[in-house]
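What follows is a short report on a single structure.
Where a number appears in this text, it was derived from the coordinates with a stated rule and is not lab data. Everything numeric here is computed off the predicted structure, so don't read it as measured data. In this analysis, Cβ positions are derived from the backbone assuming ideal geometry, glycine residues included, and neighbour counts consider all displayed protein chains.
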Amino acid sequence: MPEPLLELQNVTKVFGGGLLSTSKPIVALDDYSLIIDDIPARITPIAGESGSGKTTLANLVLGYLSPTSGRILYRGVDLNAMNSQQRLAYRREVQAVFQDPYEVYNPFYRVQHVFDMVVRNFRLGLNQQERRDRIEEALNLVGLRGEEILEKYPHQLSGGQRQRVMVARAYMLRPRLIVADEPVSAVDASLRAMILDIMLNLRDEHHISFLYITHDLSTAYQIGDDMHVLFQGTTVEKGDTAGIIDNPKHPYVQQLIGSIPVPDPEIKWDTNIHLPSEEEMRAKYARGCRFYPRCPSAMDVCRQERPPLFHVDEDHETACFLYDTVVAE
Ligand code: SF4
């Protein structure tokens with residue numbers, strides 16, 4: 001079996017609650033596992049509302065945070081055990097694109113500087129002509145041209161141009177995985193469609209996988225392969241994106257998707273589900289299903305034990321005792 005590109009093994013991330021801390025521990029991500037295969041390239045939506053743990057997951061994969069427990073492996077090597085050469089390769093092959101790229105820019109430097117820094121920091125070893133060609137190729141890929149963009153300052157670009165420059169910057173490094181954290185939530189509909197198209201093109205023509213962090217199920221539906229739906233730091237449903245959205249199994253996911261009968265790029269995934277407080281549902285030692293206090297189908301067992309993922313189909317799993325054949329009997 002080939003080594004997965006990225007693997008998260010039972011990763012938990014807890015904030016606060018240390019020996020000297022007065023705050024209660026908050027479990028942002030709880031025993032979370034994920035595999036992204038090396039081939040073929042895939043777009044994996046990580047979908048969830050705010051507080052679901054999806055941004056913590058992005059920060060863990062990008063190395064901005066370390067797991068409290070569990071392991072993150074890239075090509076079989078633990079991120080925490082990488083030597084400097086492996087770490088540089090990881091930083092080159094795993095790139096990030098954020099919702100609002102403005103903060104990534106230094107306002108005092110022209111756009112050219114963004115690309116110069118990439119060449120320098122990642123020791124790409126290109127001569128001047130190769131560097132120019134590589135930048136132009138990357139810009140063309142996202143529908144931009146060097147002559148119209150490189151001499152400008154960040155504030156002279158539109159939001160969509162800034163976002164596309166960030167994608168071009170990532171592409172220059174020939175990454176294998178891009179962590180895209182809400183990359184289209186701050187742009188208008190036509191730019192959204194363009195950026196989603198660019199992602200599909202990068203997957204299909206350039207074999208780049210995406211961890212697509214989003215609160216927006218409609219865009220996940222448009223481009224996603226296998227999706228994970230997170231709720232309070234755990235995976236409640238995973239599998240083929242269209243399969244989940246067309247036929248959700250978990251009561252929480254059913255409620256969410258019930259608010260959007262037809263996936264529509266103009267409709268955001270936004271619900272009025274009233275959930276208990278974070279503290280009530282995310283206390284470190286809470287037992288049972290996290291959705292128990294609001295679940296219309298709750299059973300006794302749901303309060304006692306945390307539901308594991310049950311297969312409901314070949315490519316569809318959900319963390320709900322309704323699908324446990326033993327409980328259901
Ligand atoms: Fe509801 Fe129980 Fe399923 Fe949780 S495990 S979603 S409480 S039925």
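Data for the structure
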read-out	value
Nearest 10 degrees, 0 to 90: helix 128-141 Cα axis against the chain principal axis	50
About the Cα centre, charge dipole magnitude for the chain (Lys/Arg +1, Asp/Glu -1 at Cβ), debye	1380
Net charge contributed by nearby residues that have their C-beta within less than 11 Å of MET194 (K/R +1, D/E -1)	0
Packing-based exposure ordering (other Cβ within 10 Å, fewest first) of GLU237, GLU49	GLU49, GLU237
Positive-end extreme of charge dipole, segment 35-193 - chosen from SER84, SER158, VAL119 (charges on Cβ)	SER84
Alpha-carbon radius of gyration plus Dmax, which is the widest Cα pair, for segment 37-105 in Å	13.5, 37
Neighbourhood net charge (10 Å Cβ-Cβ; Lys/Arg +1, Asp/Glu -1) for GLN161	+2
Unmatched cysteines, the chain - criterion: no other Cβ of a Cys under 4.7 angstrom	CYS295, CYS320
P(r), alpha carbons of segment 6-263 - 5 Å bins starting at zero, rounded %	1, 6, 13, 16, 18, 16, 13, 9, 6, 2, 1, 0
Sequence-separation-based contact order of the chain, relative, with Cα cut under 8 Å and 6+ spacing, percent	20
Angle in degrees between helix 189-206 and the longest Cα principal axis of the chain, rounded to the nearest 10	80
Segment 6-263 - share of DSSP beta bridges that are antiparallel (%, nearest 5)	55
Rg over Rh [alpha-carbon atoms, Kirkwood Rh] for segment 1-141	1.02
Surrounding net charge for THR235, when Lys and Arg each add one and Asp and Glu each subtract one, Cβ distance under 10 Å	-3
Helix 84-93 axis, angle to the chain major axis (alpha carbon atoms, nearest 10°)	90
